[in-house]
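Report on the structure given below.
The values are calculated or read from the model by the stated rules, or taken from the named source; none is laboratory data. None of the values given here were measured: they were computed from a predicted structure. Here the Cβ positions follow ideal geometry from the backbone for every residue, glycine too, while neighbour counts run over all protein chains shown. Surface accessibility is based on the protein's heavy atoms, side chains included, excluding ligands, DNA and RNA. Shrake-Rupley method; radii C 1.70, N 1.55, O 1.52, S 1.80 Å.
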Amino acid sequence: MKLLWVLGFMGMVLCRTDGFADVNGTNEEDLHYTESNVYGYGPNGYGVFSRPLMVGLTLINGAAAKGAVCLDGTLPGFHIHRGYGSGANSWLIQLEGGGWCDTIRNCVYRKKTRRGSSAYMEKQIPFAGILSNKAGENPDFYNWNRVKVRYCDGASFGGDSQNKAAQLYFRGQRIWEAAMADLMSKGMRYANQALLSGCSAGGVATVLHCDEFRAMFHGTTRVKCLSDAGLFLDAIDVSGRRTLRNLFRRVVSLQGAHKSLPWSCTNRLNPTLCFFPQHLIASVKTPLFLVNAAYDTWQIQASLASPTADPNGLWHECTKNHARCAAWQMNFLQGFRNQMLKAVSGFSRASKNGLFINSCFAHCQTERQDTWFSQDSPHIGNKGIAKSVGSWYFDRVNIKAIDCPYPCDKSCHNLVFR
């Protein structure tokens, strides 16, 4: 079974989409991920999991009047599938990920892709993993109102500025507000349960907006947040510099994202550091759950050992396939894992929060069916990701799951690239 999964999956992870190979080119978060790879249909295409529900794109028609537009000025949008039965008044909002744009050149490129314009967005997308409508694939949230908010601003739904000369609109904060207002008008204001989630850049946005989300509802509504692969660390790269800090500094400056950052952070740290969730999570008042791979493949490839940080290509093979890492490289990556565990130490002491940090080479595990909930999905102890998130959300049990270091976990669905 595992061999079949690996062979089938290997065929799905090999090409890149929408971006260049360097983090300083266009900063596409899904640089090495195809659509089929992201949704994780199973070992043989759709072999194990049924074909996912396809959900149409809804544009937010009133958004333009609020200045809430994508990079190119087109309307933002979301995909919504209505809940029913016991989930009719429960809402799961997932904020899409997809990197950041940090220069005029990058944002001009991005506005001609689905990450910067609704004109290029898919008219339908599959709902799998945490968005699945099948109890056997998504046991706790399958019959909820499930929404995927599309990402077209390039600053984790956080900017509020524009560049008239380049005809660029940096309106992530307004898009967030317009999307939430539209969903409230569509029935979310009556929610008795709500969960804000997001993967990668969407995971950053989830942390940034978690308390805002909580404030939208009555005090009796159960509201929590889930950040998947959003724990980007302000780490020193293989050249001794800080690639990701420099990227975030340019994003915050270009897009005016400092206006959206929580005051609880900016009153003690500069805005660039407050774009890193590691400096925000301990002060988030709303219950928050973090799902993260300790050896996050995006951070390894684009932050720790990007082509800029590794001009001689000493890390090239290691970043594509962890099995090709030398002992000294694995020691460096173990140090990165240690930094991640240190970053969550204070956060994890609060009983309201939850953790699932597995020692895998992965990125975004809640969106894909094979990693979210399947017969051989990753697990720590006897719990997989879906059961851990569900148990935490419904207060069944306190979840603070931290894996032993690589290579002890044999349940990982590790990403391997050509």
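When the square roots of the Cα gyration tensor eigenvalues are ordered a ≥ b ≥ c, the ratio a/c for the stretch 274-395 is 1.5 or more and a/b does not exceed b/c, which makes its shape oblate. Solvent-accessible area of residue 245, all protein chains in place: 80 Å² (probe radius 1.4 Å, heavy atoms, ligands and nucleic acids excluded). Summary value for the chain: 16 percent relative contact order, contacts being C-alpha pairs under 8 angstrom separated by 6+ residues. Based on protein heavy atoms only, the stretch 341-418 ends up with 40 Å² per residue of surface accessible to a 1.4 Å probe. Each listed q (0.12, 0.14, 0.16 Å⁻¹) maps to a log10 I(q)/I(0) for the stretch 44-199 from the Debye sum over equal C-alpha point scatterers, namely -0.52, -0.69, -0.86.
Summary of the geometry: the stretch 83-114 and the stretch 179-207, compared by the centres of their Cα atoms, lie 11 Å apart.
From Cα pairs below 8 angstrom and at least 6 apart in sequence, can you work out the relative contact order of the stretch 279-344, rounded to a whole percent?
In percent, rounded to a whole number, it is 28.
Both radii were evaluated on the Cα set of the chain; the Rg over Rh quotient, with Rh as the Kirkwood radius, amounts to 0.93. In this calculation the C-beta distance from residue 61 to residue 395 is compared with R0 = 51 Å, giving a FRET efficiency of 0.85.
What the Kirkwood sum gives for the stretch 257-317 is a hydrodynamic radius of 14.0 Å, with every pair of different alpha carbons counted.
Note on the chain: helix-only mean residue ellipticity at 222 nm, from DSSP H runs of 4+ residues weighted -39500 (n - 2.57) and normalised by residue number, equals -7000 deg cm²/dmol.
Normalised per residue, the accessible area of the stretch 155-226 is 33 Å², obtained with a 1.4 Å probe and no contribution from ligands, DNA or RNA.
Accessible area per residue for the stretch 232-306 is 33 Å², calculated with a 1.4 Å probe on protein heavy atoms, without ligands, DNA or RNA. Surface calculation, 1.4 Å probe, protein heavy atoms: residue 396 sits at approximately 130 Å² accessible. The residues 325, 408, 70, sorted by heavy-atom accessible surface at 1.4 Å with ligands and nucleic acids left out, run 408, 325, 70 from largest to smallest. Beta-bridge orientation, the chain: approximately 35 percent antiparallel, per DSSP, counting only bridges with both partners inside. For the stretch 44-202, with all protein chains in place and a probe radius of 1.4 Å, 51% of the accessible heavy-atom surface sits on carbon or sulfur.
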